[in-house]
Amino acid sequence: MVKTAAKESMRILKAGTWNNPGQEGFTLLELIVTLLLIAVILGFTLPKIGNVLYSTDLKKSVRQLRALLTAARSMATTEGIPRRIVCDLSKGEIRVEREVRLKEEGIETVRYEADSSILIHHYTLPPHVEIEDVITETGEKQTEGKANLRIGINGMIFGNRIHLLQNEEQYTLVINPLTGRVTVEEGYTEEILNAENGG
């Protein structure tokens, strides 16, 4: 039985030596050519794989923001407490805050605090995805700092667009102020006012 195993291993060894008894493996030149071919193949395929992954990150960010807006609107209407979406353009962070009213010595003040009552209350964009700009409740296009979108207890959202960018790929989250419905448009789109709206 030992002789049979030895014969079998010798047959496998000979098969791996190109049927040339004097050659015990690959030459350095063969290894270099093989490595160069692998490098060329990876050079063509890795950028494409990277683009697909980047695109996936951008689409994931769009889905997360859409879910966050929907959840914040739902909580504002069910609890009867206004919310706001704070977009920190420099840090690439989006968070939900809830309105808090305080009354001291007959004076009522309004402030906002982090909202932990919803599942998604804070989202950080992947490093290569950025918020290009936000159309805020005042109708202004904000390209830096913190931009706010306010959500009333009736479900109305004040502020209507968030533009996301990654390399050359762009998406626009369009928010219907009355219904709170969020639609996604490919590319960078701006609001077009028609004659009925006075534009």
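The values are calculated or read from the model by the stated rules, or taken from the named source; none is laboratory data. Computed from a predicted model, the values in this text were never measured in an experiment. A quick note on method: Cβ atoms are made from the backbone with ideal geometry, for glycine too, and the neighbour counts reach across all protein chains shown.
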Considering each residue of region 99-150, count those that are aromatic (Phe, Trp, Tyr) and under 19 Å from the mean Cα position of the chain (by Cα), and give that number.
1
Leading residue by the ranking (surrounded by the fewest Cβ atoms within 10 Å (Cβ to Cβ)) among those in region 93-106 that are more than 18 Å from Gly159 (Cα to Cα) and not acidic (Asp, Glu):
Gly106
State all residues of region 74-92 that are surrounded by 15 or more Cβ atoms within 10 Å (Cβ to Cβ) and either modelled with pLDDT under 90 or over 21 Å from the mean Cα position of the chain (by Cα) (or both); if no residue qualifies, say none.
Ser74, Met75, Ala76, Thr77, Ile81, Pro82, Arg83
Selection over region 113-149 where residues are closer than 15 Å to Arg66 by Cα and touching a strand residue (DSSP E or B) at 6+ places or on another chain (Cβ under 9 Å) yields a count of 10
Assess whether His128 counts as being touching a Phe, Trp or Tyr at 6+ places or on another chain (Cβ under 7 Å) and assigned to a loop (DSSP other than H, G, I, E, B).
yes
Before we move on, is Ser55 among the polar types (S, T, N, Q), modelled with pLDDT of 90 or more and within 17 Å of Gln166 (Cα to Cα)?
no
Among the residues of region 129-137, are any among the β-branched types (Val, Ile, Thr), surrounded by fewer than 14 Cβ atoms within 10 Å (Cβ to Cβ) and modelled with pLDDT under 90?
no
Restricting to region 74-98, name every residue that is closer than 12 Å to His121 by Cα and not in a strand (DSSP E or B).
Met75
Can you spot a residue in region 165-177 that is touching a helix residue (DSSP H, G or I) at 6+ places or on another chain (Cβ under 7 Å), in a loop (DSSP other than H, G, I, E, B) and surrounded by fewer than 17 Cβ atoms within 10 Å (Cβ to Cβ)?
yes
